[in-house]
Amino acid sequence: MIFTAIFGEIKNPTTLANGPEGFFNFLSTIFKFSGVIAGLFFVAKIILAGFGYLSANGDEKKVAAAWATIWQSIIGLIIVSSAFVIAGIIGYIFGIDILNPTIVGPNEVNLPVATPT
């Protein structure tokens, strides 16, 4: 009880949106975050593979390994991009805005303010 007076009441954030929209907003945020991480991973792999290609110094095994890494990175980026396209199509079909969620911030929630006694 003393913690409620100090910190206020903490409400479940999944109930802020009406119905299943809160769950879809959560999934959309996770989906976008994983897309950003995959993009950063792609850039890092391309840079490292390019460095491996430049430092191969004519060694055919190193050149082949660098090209394999480059192709695998490109295929991974295509898979992640197609996942976003599929999510957009599914969102369009079912009328859910999967790729553009409404993120509820702390200023938009009417939480009770704790007053010291």
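Which ³J(HN,Hα) values in Hz, rounded to whole numbers, follow from the phi angles of the range 26-38 under the Karplus curve 6.51 cos²θ - 1.76 cosθ + 1.60, where θ = phi - 60° and Gly and Pro get x?
4, 4, 5, 5, 5, 4, 5, 4, 5, x, 5, 4, 5
Length gain on complete extension for the stretch ILE6 to LYS62, per 0.36 nm per residue less the alpha carbon to alpha carbon distance?
Full-extension gain reported as 14.0 nm.
Say R0 is 25 Å: what FRET efficiency, to the nearest 0.05, do SER81 and ILE47 get from their beta-carbon distance?
Step by step, r from the Cβ atoms, then E = 0.85.
Each residue of the range 71-76 in order: what ³J(HN,Hα) in whole Hz does its phi give by Karplus 6.51 cos²θ - 1.76 cosθ + 1.60, θ = phi - 60°, with x for Gly and Pro?
Those phi angles translate into 5, 5, 5, 5, 5, x Hz.
Any read-out appearing in this document is the output of simple, stated calculations on the displayed coordinates, not a laboratory observation. Predicted model only: the values in this text are computed from it and were never measured. Ideal geometry is used to build each Cβ from the backbone, glycine not excepted, and the neighbour counts take in all protein chains shown.
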